[in-house]
Amino acid sequence: MTVFSGKQVFPVDYEAVVSQRLLEASLSGDLKSVQECVDDSYLDVNFVGAVCLRSRKTEVVLRDESPSEVRVEYEEFKTDVTALFAAVHAGNAAFVKKLLSIGADVNQKLFRGFATTAAVREGHHEILEILIKAGASQPACEEALLEASCHGHARFAELLMSSDLIRPHVAVHALVTACCRGLVDFVDTLIKCGVDASSPDRMLLLSSKPSLHTNVDCTALVAAIVNRQVSVVRLLLQAGARTDIKVRLGAWSWDTSTGEELRVGAGLAEPYSVSWCAVEYFESSGAILRMLLQKLSLHTPHCGRTLLHHAILCGNAGAVKVLLDCGADVESPVTTNGKTMCRPIHMAARLGLSRILQCLIGSGCNIDSKTDTGETALMLCAKHRQEDCLRALAMAGADFGLVNVATQSVRSIAESNQWSLGFQQVVVDVIRAGKLPRSSNSSVFCPLMFVAQAGDIEALKAVITWGGFNVDYQDDNGFSPAMITALKGHVEAFRLLVYAGADVKLCNKSGDTAITLSQANNNHDLFEKVMLEFALEKGNRNSKGFYALHCAARRGDQDAVKLLTSRGYDVNVRDGDGYTPLMLAAREGHGTICELLICHGADINFKNARGETALSLARKNGSMKNDAERVILNKLACNLVIGGANVRKHTKGGKGSPHEKVMKMMGGVGVLHWGKSSRRNVICREAEVGPSPAFRRNRQHKGDADEPGVFRVVTNRNREVHFVCEGGLETAELWVRGIKLVTEEAILSNKQRET
């Protein structure tokens with residue numbers, strides 16, 4: 001047919017136009033238009049044309065440990081259909097009958113399937129029945145059954161199965177599909193219709209945990225297990241589905257010779273029983289596994305392992321709990337070629353599965369059991385750096401004092417694995433949480449020594465408070481907790497131990513004490529300060545090898561020296577190196593401390609084994625004279641002039657012969673005395689080392705004018721007297737210094753009395 005319009009001519013396919021009108025009328029339900037098209041002689045009732053459909057579709061949503069869910073959605077799209085397909089999709093039974101009566105093909109296959117497929121998809125049961133009676137073919141009915149298995153339309157399945165057009169393998173495929181989706185009524189209908197629940201089928205199985213996306217030959221039971229469909233599994237077992245089957249769905253494999261485990265990927269491991277499948281694809285309630293264990297043995301091994309081992313390897317705490325509740329042997333060993341390798345607790349510790357570990361501990365397993373190499377679960381945690389598992393075992397009372405066949409302990413394993421700090425933090429956290437780590441052998445592991453080395457104050461307080469530990473315990477090398485803290489520089493931990501009664505005078509096998517070990521640290525002074533504070537607070541003299549007064553003197557702590565001397569501390573006692581407090585104060589240049597000690601009776605003449613005196617030590621403090629040297633020289637000079645000594649006195653200004661005299665000063669009045677005559681009791685106005693010019697001239701002919709030890713005094717009557725002392729220049733300087741000091745002190749005393 002040709003239509004003329006202006007200058008252009010457009011050919012029109014009238015048959016297509018009429019047939020397309022029928023498609024659209026069938027979809028929209030326009031009875032009048034349908035009738036008009038049917039009456040048109042140009043109509044092609046099986047014409048295929050494009051229309052927009054809003055169709056129902058399903059999607060499977062995977063869950064980690066819960067049943068997979070079917071989500072229903074609707075989508076709109078443009079597709080090729082026939083009038084019959086459109087009428088079926090719209091659910092118009094009258095139109096369907098009308099179209100069938102005028103020759104519509106019930107078995108015409110389109111992109112969206114047969115008309116039977118559309119009837120099932122959209123849920124039109126009456127129309128499906130019409131189509132079957134109208135001669136729907138076997139492919140049309142089988143495709144409809146498969147569609148029904150996706151949507152769960154049980155009544156449709158019953159109708160289709162009664163048609164005798166469904167082949168067994170198609171029915172099995174529909175059954176397995178419905179099992180994956182958890183469509184219980186549909187599964188029940190197929191089983192009642194005689195479908196074999198134990199027949200295998202090739203099916204794409206999907207799982208999110210473990211990740212699975214593979215085509216595998218499986219039964220309806222396996223499909224239901226993988227998709228965690230509890231109700232379907234129960235129905236299948238009630239229907240007598242076989243459980244004595246094996247399936248290749250595992251993700252783990254292991255070497256039966258060495259025990260080495262390999263994660264090969266889901267579906268690639270050796271075939272195993274459905275109960276093992278239920279462990280690996282565990283459903284959170286545990287119902288599936290429990291139902292299977294009523295049919296299958298819990299203890300049947302697979303390549304040297306049991307279900308419990310497999311649950312641990314899969315890292316599923318829920319499965320472990322179910323198995324233990326059902327009577328699994330918590331001590332069942334993993335064997336390789338007849339040799340016992342390890343037990344469940346060792347696997348959990350090695351893999352770092354703390355929740356599973358706690359389940360095993362709660363079931364009464366031996367937490368100190370050993371592997372074939374003598375390793376405990378604690379040791380495996382240290383070896384593989386599993387903090388949470390180490391913490392769980394420590395809290396449960398695992399023994400830190402055991403060793404393996406190589407005599408390694410959990411602590412030494414952590415150190416060799418460069419995990420000392422991580423191990424230390426876990427143990428300290430356990431102690432802080434109120435649990436004391438258990439050790440059957442303190443030489444292998446001693447909690448007190450451990451926290452002392454860690455230097456953690458709170459943990460150390462907790463251990464000391466618990467009691468039961470000797471604060472002076474010494475290890476194989478003779479180290480005590482106090483020595484460890486001193487060596488590591490842990491001042492506050494050292495303080496805790498000292499106040500808890502630790503003996504700082506103990507020596508290790510190298511002869512070191514806590515104090516000597518602390519000297520290797522930059523904060524050595526802080527350790528001495530702790531001991532000094534302890535001595536001041538407790539009032540113990542030379543407490544346990546520590547010389548408090550010596551320390552205070554060396555540090556220049558005037559208040560501490562005053563307090564200690566007031567408590568009767570001996571100012572002349574020698575320390576381990578032979579030093580008196582005065583010697584140490586002099587060495588450090590603390591003049592005020594020297595003066596204080598001298599006032600309390602410190603002997604300035606003491607010598608140590610090296611021949612050192614307070615004065616010689618003060619002079620070593622620097623090239624320039626310091627305050628300590630001045631104080632000591634003053635004391636020596638005063639002692640010399642007040643105590644007196646033999647001197648040679650020159651007469652007549654050096655013209656006469658010198659005479660031996662005993663000269664000394666009378667301290668209270670400042671009088672220099674060398675005889676009984678008043679002329680021999682003088683008050684000095686000046687005192688100088690060396691001769692005067694006149695004396696030098698008078699003695700020039702004798703050649704002894706500059707003799708070492710010459711000094712002179714000038715009396716208050718302006719009389720000059722020369723003396724020569726033994727000891728040379730240094731003693732002469734002491735005489736001069738002493739004369740001046742005693743004279744000044746006497747003058748000051750007189751003034752004070754006058755006022």
*Output the number of the condition that Glu158 fails; it satisfies all remaining conditions of (1) surrounded by fewer than 22 Cβ atoms within 10 Å (Cβ to Cβ); (2) not in a helix (DSSP H, G or I).*
(2)
*asked:* Looking at Leu268, Leu206, Leu212, can you tell me which residue is modelled with pLDDT under 95, surrounded by fewer than 16 Cβ atoms within 10 Å (Cβ to Cβ), of a type in the set (A, V, I, L, M, F, W, C) and within 36 Å of the chain's Cα centre (by Cα)?
replied: Leu268
_So Met341 passes all but one of these: (1) surrounded by fewer than 24 Cβ atoms within 10 Å (Cβ to Cβ); (2) free of Cβ contacts under 8 Å to residues at least 60 places away in the same chain. Which condition number does it fail?_
(2)
*Looking at Glu75, Glu65, Glu126, which one is out of contact with any Gly (no Cβ under 8 Å at 6 or more places or on another chain), of a type outside the set (Phe, Trp, Tyr) and at pLDDT below 95?*
Glu75
*Consider Gly468 against the criteria (1) of a type in the set (Gly, Ala, Ser); (2) modelled with pLDDT under 90; (3) within 21 Å of the chain's Cα centre (by Cα): it satisfies all of them except one. Which criterion is unmet?*
(3)
*Looking at region 690-709, is at least one residue in contact with a Lys or Arg (Cβ under 8 Å, 6 or more places away or on another chain), on the phi > 0 side of the Ramachandran plot and at pLDDT 85 or above?*
yes
*Among what's in region 27-70 and is under 30 Å from Val279 (Cβ atoms) and free of Cβ contacts under 8 Å to residues at least 24 places away in the same chain, pick the residue that is nearest to the chain's Cα centre (by Cα).*
Val61
*asked:* Against the definition (surrounded by 16 or more Cβ atoms within 10 Å (Cβ to Cβ), in contact with a Phe, Trp or Tyr (Cβ under 7 Å, 6 or more places away or on another chain) and either on the phi > 0 side of the Ramachandran plot or free of Cβ contacts under 8 Å to residues at least 40 places away in the same chain (or both)), how does Ala115 come out, yes or no?
replied: yes
*Test Phe494 against the stated conditions and say whether it is modelled with pLDDT under 85, surrounded by 17 or more Cβ atoms within 10 Å (Cβ to Cβ) and either closer than 23 Å to Glu415 by Cα or aromatic (Phe, Trp, Tyr) (or both).*
no
*asked:* With the structure loaded, tell me whether Ala223 is modelled with pLDDT of 90 or more and crowded, with 22+ Cβ neighbours inside 10 Å or whether it fails that test.
replied: yes
*Taking Thr116 and the conditions (1) farther than 30 Å from Val222 by Cβ; (2) touching a helix residue (DSSP H, G or I) at 6+ places or on another chain (Cβ under 6 Å), which numbered condition does it fall short on, given that it satisfies the others?*
(1)
*Considering region 359-390 alone, what residues qualify as being surrounded by 20 or more Cβ atoms within 10 Å (Cβ to Cβ) and either acidic (Asp, Glu) or outside any loop (DSSP other than H, G, I, E, B) (or both)?*
Cys359, Leu360, Ile361, Glu375, Ala377, Leu378, Met379, Leu380, Cys381, Ala382, Cys389, Leu390
*Return yes when Ile288 is among the β-branched types (Val, Ile, Thr) and under 30 Å from the mean Cα position of the chain (by Cα) and no when it is not.*
no
*Failed condition for Asp475, given (1) outside any helix (DSSP H, G or I); (2) under 28 Å from the mean Cα position of the chain (by Cα); (3) in contact (Cβ under 8 Å) with a residue 40 or more places away in the chain, with all others met?*
(3)
*Which residue, of Ile747, Ile739, is surrounded by fewer than 18 Cβ atoms within 10 Å (Cβ to Cβ), touching a residue at least 12 places away in the same chain (Cβ under 8 Å) and closer than 20 Å to Cys638 by Cβ?*
Ile747
*In this structure, does Gly675 turn out to be touching a helix residue (DSSP H, G or I) at 6+ places or on another chain (Cβ under 8 Å) and farther than 21 Å from Leu729 by Cβ?*
no
*Residue check for Gly315: in a loop (DSSP other than H, G, I, E, B), touching a residue at least 40 places away in the same chain (Cβ under 8 Å), closer than 16 Å to Ala278 by Cβ and within 25 Å of the chain's Cα centre (by Cα)*: yes
*Considering region 271-308 alone, what residues qualify as being of a type in the set (Val, Ile, Thr) and surrounded by fewer than 20 Cβ atoms within 10 Å (Cβ to Cβ)?*
Thr300
*Any residue at all in region 352-368 that is farther than 26 Å from Asp325 by Cβ and of a type in the set (Asp, Glu)?*
no
*All but one of (1) out of contact with any His (no Cβ under 8 Å at 6 or more places or on another chain); (2) farther than 28 Å from Glu629 by Cβ; (3) in a helix (DSSP H, G or I) hold for Asn718, so report the exception by its number.*
(3)
*Which one is modelled with the lowest pLDDT, of the residues in region 236-265 that are part of a loop (DSSP other than H, G, I, E, B), closer than 24 Å to Thr336 by Cβ and among the hydrophobic types (A, V, I, L, M, F, W, C)?*
Val264
*Out of region 543-565, which residues are modelled with pLDDT of 85 or more and out of contact with any helix residue (DSSP H, G or I) (no Cβ under 8 Å at 6 or more places or on another chain)?*
Asp559
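Conditions (1) within 22 Å of Arg155 (Cβ to Cβ); (2) of a type in the set (Lys, Arg); (3) in contact with a strand residue (DSSP E or B) (Cβ under 9 Å, 6 or more places away or on another chain), marked per residue:
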| site | (1), (2), (3) |
| --- | --- |
| Val170 | yes, no, no |
| Asp201 | no, no, yes |
| Asn215 | no, no, yes |
| Leu235 | yes, no, no |
| Lys246 | no, yes, yes |
*asked:* part of a helix (DSSP H, G or I) and buried (at least 20 other Cβ atoms within 10 Å of the Cβ): which single residue out of Ala87, Ala104, Ala94 fits that description?
replied: Ala87
*What number of residues within region 552-597 are surrounded by 24 or more Cβ atoms within 10 Å (Cβ to Cβ) and in contact with a Leu (Cβ under 7 Å, 6 or more places away or on another chain)?*
11
*Mind listing whichever residues of region 344-357 are buried (at least 19 other Cβ atoms within 10 Å of the Cβ) and not in a helix (DSSP H, G or I)?*
Leu353
_Residue among Gly703, Gly643 that alone is within 30 Å of Arg587 (Cα to Cα), without any contact (Cβ under 8 Å) to a residue 40 or more places away in the chain and out of contact with any helix residue (DSSP H, G or I) (no Cβ under 6 Å at 6 or more places or on another chain)_ = Gly643
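Residue-by-condition table, conditions (1) at positive phi; (2) among the small types (Gly, Ala, Ser):
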site: Ala459; (1), (2): no, yes
site: Gly468; (1), (2): yes, yes
site: Asp476; (1), (2): no, no
site: Lys488; (1), (2): no, no
site: Val498; (1), (2): no, no
site: Asn523; (1), (2): no, no
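The values are calculated or read from the model by the stated rules, or taken from the named source; none is laboratory data. Bear in mind the structure is a predicted one, so any value in this text is a computation, not a measurement. All Cβ positions, glycine included, derive from the backbone under ideal geometry; neighbour counts span all protein chains shown.
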